[in-house]
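Here the structure is laid out as structure tokens; the discussion comes afterwards.
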Amino acid sequence: MNLATYTALVQTEVDDTSTRAKNVIEQAVKDTYQEILNFTVESLVGTSEEDVTATVSQRYIETVNTYQDLKNVLYKSATSDTYNYLTRISEQDYYKMNVNRDDSTPLHYYLNASKIYFDVSPIDAGTVKVNGVVVQDELTGSTVSVIPDRFTQVLVKGSVAHFKSYESLPDAREYFKIYRGPYFEQGKIGGSLKWMMEQTNTKEKPLTMKLR
């Protein structure tokens with residue numbers, strides 16, 4: 001599925017194939033697509049990993065991927081075969097506790113825009129392993145949707161809701177209820193979006209110890 005196929009489905013749903021409506025519908029589909037991914041992207045596409053070589057005496061690295069949610073950062077010195085987990089601190093913590101430290105092996109990191117900053121500048125060109133959820137491409141042109149076909153109606157109902165809201169049509173509210181539940185504005189997700197989140201959540205339940 002792509003923008004064109006989703007748009008055609010929404011046009012059929014609202015029974016309006018005019019050029020003016022098509023432009024509004026395309027934007028509604030794009031907005032709904034991003035909204036759905038905000039809640040489901042990790043379950044749909046999982047996480048990605050990359051290795052970045054640190055620069056000696058440079059306190060930050062830049063990743064190739066753009067991460068929506070950074071999960072893990074590890075550091076391996078150039079003279080070691082072992083990665084060590086870096087714990088996240090705040091930028092304020094750096095200026096409170098680490099700003100005067102000499103070059104060394106990083107133990108902590110914090111984020112500043114798209115850069116990953118260390119608590120100290122690396123003493124050697126170590127390897128930084130980065131893991132997280134990558135930002136997905138917007139639904140434009142021939143971009144293929146990462147939403148499985150079985151959830152197409154979730155996007156369609158959401159797009160119809162956004163379209164009808166733009167058009168100030170009275171049944172927009174009902175479509176929003178179908179799509180994301182009646183209490184979304186209060187922070188409670190429901191409707192078909194909630195159902196999709198439950199269906200795509202494949203994380204295992206935490207292991208528990210059994211006492212004999």
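Charged neighbours of N100, selected by a Cβ distance under 14 Å, balance to -1 (K, R count +1; D, E count -1).
In the chain, what is the volume of the convex hull around the alpha carbon atoms, normalised per residue and reported in Å³? List each step's numbers first, then the result.
Details: hull volume 42.6 nm³, N = 212.
Output value, Cα hull per residue: 201 Å³.
How many angstrom separate the Cα center of the range 138-166 from the Cα center of the range 57-132? For the range 138-166 versus the range 57-132, the Cα centre distance is 38 Å. Other residues whose C-beta falls under 13 angstrom from the C-beta of I36 contribute a net charge of 0, scoring Lys and Arg +1 and Asp and Glu -1. When the Cα positions of N2, I89, Y75 are compared along the charge dipole of the chain, I89 comes out farthest toward the positive end, with charges on each C-beta of Lys, Arg, Asp and Glu.
Please find the FRET efficiency linking A4 to Q186, where r is the Cβ-Cβ separation and R0 is fixed at 35 Å, and quote it to the nearest 0.05.
Numbers: r = 35 Å, r/R0 = 1.00.
It comes out at approximately 0.50.
Other residues whose C-beta falls under 15 angstrom from the C-beta of E138 contribute a net charge of -3, scoring Lys and Arg +1 and Asp and Glu -1. To the nearest ten degrees, helix 3-14 and the longest principal axis of the Cα atoms of the chain are 40 degrees apart. Each of V135 and N72 was given a label point 7 Å from its Cα along the Cα-to-Cβ line. The distance between the two points is 2.4 nm. Charge dipole of the chain (Cα centre as origin; +1 on each Lys and Arg Cβ, -1 on each Asp and Glu Cβ, all else neutral): 760 debye, rounded to the nearest 20. Each label point was placed 7 Å from the Cα along the Cα-to-Cβ direction; for D124 and N38 their separation is 4.5 nm. The stretch between D51 and M97, if pulled fully straight at 0.36 nm per residue, gains 13.8 nm over its current Cα-Cα span. Value of Rg to Rh for the range 48-134, rounded to two decimals, is 0.93; Kirkwood radius and Rg both from alpha-carbon coordinates. If R0 is 45 Å, what FRET efficiency do you get for T152 and R88 from their C-beta distance, rounded to 0.05? E(calc), rounded to 0.05, equals 0.75. How far is helix 19-45 tilted, in degrees, relative to the longest principal axis of the Cα atoms in the chain, given as a value from 0 to 90 rounded to the nearest 10? With rounding to tens, the tilt is 40 degrees.
All of the numbers you see were taken from the coordinates with simple rules; none came from a lab. Keep in mind it's a predicted model, so treat the numbers as computed, not measured. Counting neighbours? That spans all protein chains shown, and the Cβs are built from the backbone with ideal geometry, glycine included.
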